[in-house]
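Here the structure comes first, spelled out in C-alpha cells, and everything after it is commentary.
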Amino acid sequence: MKVLVTGGSSGLGAATVAALSEQGDTPLVLDRVPPQSDVEYELADLADSPAAENAVRELADRAGGLDAVFTAAGIDHPGKLTDVPAKEWERVVQVNLLGTAAVARAALPYLERSRGTLVTVSSTLGLRSVSDATAYCAAKAGVVGFTRALAAETAGRVGVTLLVPGGMHTKFFDNRDEQYKPPPDAKLNRPEDVARTVLYALRQPPGCQVRELVVCHEEEGSWP
C-alpha cells in the first residue's frame, strides 16, 4: 500500500511512517524538512497551497499512484487573539485547514482510481474549544466540517476517515511559552499508539469505513 503522509518527518506522522514501513507498506512523506527514515519525500510548506498540491502530484506520479493519504501535519501558535500576530494566526489556519484541503484536492484523482482512503487529523480541541487557542480551535473545527462534507461528497468512490487525537508526547509543544506547555504529569498518548489506529482505518475491507476515530489518553483533559 502506497501511503502519502504529510508531516511525516516528526511526531504522529513519523510514527505512522514507521508503522507503515514495519508492515511492508510504502510511505511517502511530504514535509518542510527531510524525514530521518529512508523513504521517498518531497519538501513543501502546507501554508503554500499550490506548492503542497504540486508536491502531492510529484510523489504520487513517482510512486505510480496512491492507495491512501494521511494528513498528519499541524502547527499551533497559542495566545490571546489580540496578542498573536495576524500573520502567525492565519498561518495556523493555512497549514491545518487549507493545507489539508490542498492535499486532499490534489490526491483525490489518485485515490479515486485506487478506491483508496484519506485520513484527516483534527483534534479534541476541534470539538471542545478553549481560551488562547482561537486559531487552532477554528482550524481543527474546520477540519471536522471539511472531512464530514468530503466523506458525503466522495461516498462510494473514496474512503474518508476523521481522526480526532488528544495530546501526545511529541515535539509539538517544544517551542511554546511555558504557560502553554503540558505539565510534567500531563496524561498524553504515545504517537506510536495513535499511529496503529490510523493503520486500522486504512485496512478496512471495501465498503466498510471507519468514519471517525477519537483517540486519547483515558484521562485526557480535553475530552469530552
Reported set for the range 197-212 where residues are loosely packed, with under 13 Cβ neighbours inside 10 Å and in contact (Cβ under 8 Å) with a residue 60 or more places away in the chain is 206, 211
Given the conditions (1) within 20 Å of residue 25 (Cβ to Cβ); (2) touching a helix residue (DSSP H, G or I) at 6+ places or on another chain (Cβ under 6 Å); (3) free of Cβ contacts under 8 Å to residues at least 12 places away in the same chain, which single one is not true for residue 181?
(1)
Matching residues in the range 152-181 (part of a helix (DSSP H, G or I) and touching an Asp or Glu at 6+ places or on another chain (Cβ under 9 Å)) number 4
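Would you point out the residue of the range 152-183, among those that are polar (S, T, N, Q) and within 22 Å of residue 219 (Cα to Cα), that is modelled with the lowest pLDDT? Steps first, please.
As a first pass, look at the range 152-183 and keep what is polar (S, T, N, Q): 154, 161, 170, 175, 179.
Next, only the ones that are within 22 Å of residue 219 (Cα to Cα) stay: 170, 179.
Details: 170: 89, 179: 84.
Only one residue fits best here, namely 179.
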In the range 129-145, how many residues are touching a residue at least 60 places away in the same chain (Cβ under 8 Å) and not in a helix (DSSP H, G or I)?
1
Extreme residue, farthest from residue 113 (Cα to Cα), among residues of the range 148-187 that are open to solvent by less than 80 Å² (accessible area, probe 1.4 Å) and in contact with a Pro (Cβ under 8 Å, 6 or more places away or on another chain):
180
Kindly indicate whether any position in the range 26-34 is in a loop (DSSP other than H, G, I, E, B), farther than 24 Å from residue 167 by Cα, in contact (Cβ under 8 Å) with a residue 12 or more places away in the chain and open to solvent by less than 60 Å² (accessible area, probe 1.4 Å).
no
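Being touching a strand residue (DSSP E or B) at 6+ places or on another chain (Cβ under 9 Å), among the small types (Gly, Ala, Ser) and within 26 Å of residue 113 (Cβ to Cβ) is the requirement here; does residue 68 meet it? Quick ask: steps written out before the conclusion?
Details: touching a strand residue (DSSP E or B) at 6+ places or on another chain (Cβ under 9 Å): yes; among the small types (Gly, Ala, Ser): yes; within 26 Å of residue 113 (Cβ to Cβ): yes.
Yes, satisfied.
The values are calculated or read from the model by the stated rules, or taken from the named source; none is laboratory data. Predicted model, so just to flag it, every value in this text is computed and none were measured. When we count neighbours, we look across all protein chains shown, and the Cβ atoms used for this are built from the backbone with ideal geometry, even at glycine. Surface areas here come from the heavy atoms of the whole protein model, side chains and all, with no ligands, DNA or RNA. Shrake-Rupley method; radii C 1.70, N 1.55, O 1.52, S 1.80 Å.
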